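Let me begin by presenting the structure, written as structure tokens, before commenting on it.
The values are calculated or read from the model by the stated rules, or taken from the named source; none is laboratory data. A quick note: this is a predicted structure, and the numbers were derived from the prediction, not measured. Here the Cβ positions follow ideal geometry from the backbone for every residue, glycine too, while neighbour counts run over all protein chains shown.
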Amino acid sequence: MASSFLISYDSNVNDTSEALESFVEAYEGTVILTLHDKYFVERTADIVYRTEEGKA
């Protein structure tokens, strides 16, 4: 069974850590991210669930 991580990363759009991106890309388990940086998400995520106005 693969491990998983839940990461809540609060930063400015241009402040996302390269180390975090490298970790997410290399990690073979499940990573659940909550962030505002859509470019980071586009580079690292296979599946994206968005919420708008509190609705999924």
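Gly29 meets all of the listed conditions (1) surrounded by 11 or more Cβ atoms within 10 Å (Cβ to Cβ); (2) modelled with pLDDT of 80 or more but one, namely (1).
The listed residues are Tyr9, Tyr39, and the only one of them that is modelled with pLDDT of 80 or more and of a type outside the set (Lys, Arg) turns out to be Tyr39.
Among the residues of segment 39-50, those identified as loosely packed, with under 12 Cβ neighbours inside 10 Å and of a type in the set (D, E, K, R) are Glu42, Asp46, Arg50.
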